[in-house]
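To keep things clear, I will list the structure first and then write my remarks on it.
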Amino acid sequence: MTAIERAVSILRAGGLVAFPTETVYGLGADATNSAAVEKIFLAKGRPPTNPLIVHVGSAETAKRFASQWPTAAEALAARFWPGPLTLVLPKSPQIPAVVTAGKESVGLRVPAHPLALDLLRRFGGPLAAPSANRSNHLSPTTAAHVRDDLGDSVDLVLDGGPCTVGIESTVLDLSVEPPRLLRPGGITREQIEGVIGPVTYFEGAVDPSTSASSPGLHLRHYAPRTPAFRFERDQWPEVAEILKRHDPRSIRLLRIGQSPVQGPAPFFTELLLDVPLPNDPEQAGRVLYGTLREIDCSGAKMILVEMPPAAPAWAAIRDRLTRASRPIAELRG
Ligand code: TXA
Ligand code: MG
């Protein structure tokens, strides 16, 4: 029996299979089997109020699980599927309430990964799959990350190598007018607007004490274990002052490329361990979570994040780094 065949039989029997996608690894269960889907929430420690994305093998299959399929969905699916775009649409009755956390909408996506598509095609049905990490941990971008995080609570991990996008899909709500971007990701807002015209976006994370329309938007959702503090490039003078009160050897400086440190800080940066991210949004996305995981294992006490430029191409990475950190001002006291 091949690994895929085992995966299919586990899924048919109501088990959990972690599988690679181009974004991050997913923790999959038969989306039409409520008992199987409940196991996902248990394995992740995920609050039952946070809906899951349903993965399908084609746009044709996606249509079966949405009760409406607007022309915007048709156009976006034609342009970006398979790919890192999740479309939120009114759900069909075939999707049980546990998948959507009781919401009347469902997030649908066709992943662009040969192993995921092979699995979906052979399984034949929809797979509910959140990222294959414990709730509030970083999303996994390798099979080893999944095993580290979920261990025995997953029946099988399909290894498809490192994910090529590395951050989660863009989530776009098409159940409202105008469409609303819920999570920036591999497909940019500009790419979407190029196909369907203007969409709205509430920038900035949602306060966890309020009930968000998309609970995955909550602050602190994508954080490393090491406390992380972010600042913009022009805040270096402030950062230098703050650093005087900390042991620089226990700090990692995460920043894009080898961007020159600005302001009167060189003395400190010589002592900081510089962790560069590639100076290209796609390449940086690919290594972001792995880099944060490595820092978590390094014994560092603190991460300082120099934010990438506030340019559209960096929007998804800025979003994840914002969720992974607190403003540097909170470090003052
Ligand atoms: O790239 C990805 O999207 C990965 C791979 C595995 O496909 N999956 C992923 O799933 O990131 P998860 O569960 O970690 O994030 C799903 C996000 C959450 O922010 C959730 O709140 C939102 O999608 N979401 C899912 N269904 C929704 C719905 N019906 N309405 C609003 N938001 C929804
Ligand atoms: Mg997740």
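The values are calculated or read from the model by the stated rules, or taken from the named source; none is laboratory data. Just so it is clear, the structure is predicted and the values come from calculations on it, not from any experiment. Reconstructed Cβ throughout: ideal geometry from the backbone, glycine too, with neighbour counts over all protein chains shown.
Tabulated data
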| quantity | calculated |
| --- | --- |
| Conditions (1) more than 13 Å from Arg230 (Cβ to Cβ); (2) crowded, with 16+ Cβ neighbours inside 10 Å; number of the one not met by Met307 | (1) |
| Filter pass, Ile256 being of a type in the set (Val, Ile, Thr), touching a helix residue (DSSP H, G or I) at 6+ places or on another chain (Cβ under 9 Å) and modelled with pLDDT under 95 | yes |
| Condition met for Pro312 (under 20 Å from the mean Cα position of the chain (by Cα), in contact (Cβ under 8 Å) with a residue 12 or more places away in the chain and buried (at least 20 other Cβ atoms within 10 Å of the Cβ)) | no |
| Residues of segment 120-134 that turn out to be within 9 Å of ligand 1 (Cβ to nearest atom), farther than 12 Å from Leu108 by Cβ and assigned to a loop (DSSP other than H, G, I, E, B), as a count | 3 |
| The listed residue being within 16 Å of ligand 2 (Cβ to nearest atom) and in contact with a strand residue (DSSP E or B) (Cβ under 8 Å, 6 or more places away or on another chain), out of Arg189, Arg183, Arg134, Arg147 | Arg183 |
| All positions within segment 114-126 that are surrounded by 22 or more Cβ atoms within 10 Å (Cβ to Cβ) and touching a Phe, Trp or Tyr at 6+ places or on another chain (Cβ under 8 Å) | Ala116, Leu119, Pro126 |
| Flag for Glu232 being modelled with pLDDT of 90 or more, under 22 Å from Ala316 (Cα atoms) and more than 16 Å from ligand 1 (Cβ to nearest atom) | yes |
| Which numbered condition Glu5 fails, given (1) out of contact with any Ser or Thr (no Cβ under 8 Å at 6 or more places or on another chain); (2) within 16 Å of ligand 2 (Cβ to nearest atom) | (2) |
| Pick from segment 161-180, criterion more than 16 Å from ligand 2 (Cβ to nearest atom) and closer than 19 Å to Thr291 by Cα, ranking: surrounded by the most Cβ atoms within 10 Å (Cβ to Cβ) | Thr164 |
| Considering residues of segment 84-114 that are farther than 21 Å from Lys44 by Cβ and outside any strand (DSSP E or B) only, the residue farthest from ligand 2 (Cβ to nearest atom) | Pro93 |
| Members of segment 109-119 found to be near ligand 1 (Cβ under 9 Å from one of its atoms) and aliphatic (A, V, I, L, M), listed by number | Ala116 |
| Of residues in segment 149-181 being of a type in the set (D, E, K, R) and either under 30 Å from Glu193 (Cα atoms) or touching a helix residue (DSSP H, G or I) at 6+ places or on another chain (Cβ under 8 Å) (or both), the one nearest to ligand 1 (Cβ to nearest atom) | Glu168 |
| Condition check for Ala240: among the small types (Gly, Ala, Ser), under 20 Å from the mean Cα position of the chain (by Cα) and at pLDDT 65 or above | no |
| Some residue of segment 31-50 being within 15 Å of ligand 2 (Cβ to nearest atom) and closer than 21 Å to Leu172 by Cβ | yes |
| Check on Ile187, near ligand 1 (Cβ under 9 Å from one of its atoms), assigned to a loop (DSSP other than H, G, I, E, B) and over 23 Å from Ser92 (Cα atoms) | no |
| Checklist (1) free of Cβ contacts under 8 Å to residues at least 60 places away in the same chain; (2) within 15 Å of ligand 1 (Cβ to nearest atom) applied to Ala78, failing item | (2) |
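Residues are listed down the side, and each one gets a yes or a no for (1) within 18 Å of Thr100 (Cα to Cα); (2) within 13 Å of ligand 1 (Cβ to nearest atom):
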| site | (1), (2) |
| --- | --- |
| Ala35 | yes, no |
| Lys39 | yes, no |
| Ala43 | yes, yes |
| Thr49 | yes, yes |
| Leu52 | yes, yes |
| Ala59 | no, no |
| Ala62 | yes, no |
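Table: residues versus (1) at pLDDT 95 or above; (2) more than 26 Å from Ala132 (Cα to Cα).
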| position | (1), (2) |
| --- | --- |
| Val157 | yes, no |
| Gly160 | yes, no |
| Cys163 | yes, no |
| Val171 | yes, no |
| Val176 | yes, yes |
| Arg189 | yes, no |
| Val199 | yes, yes |
| Ala205 | no, no |
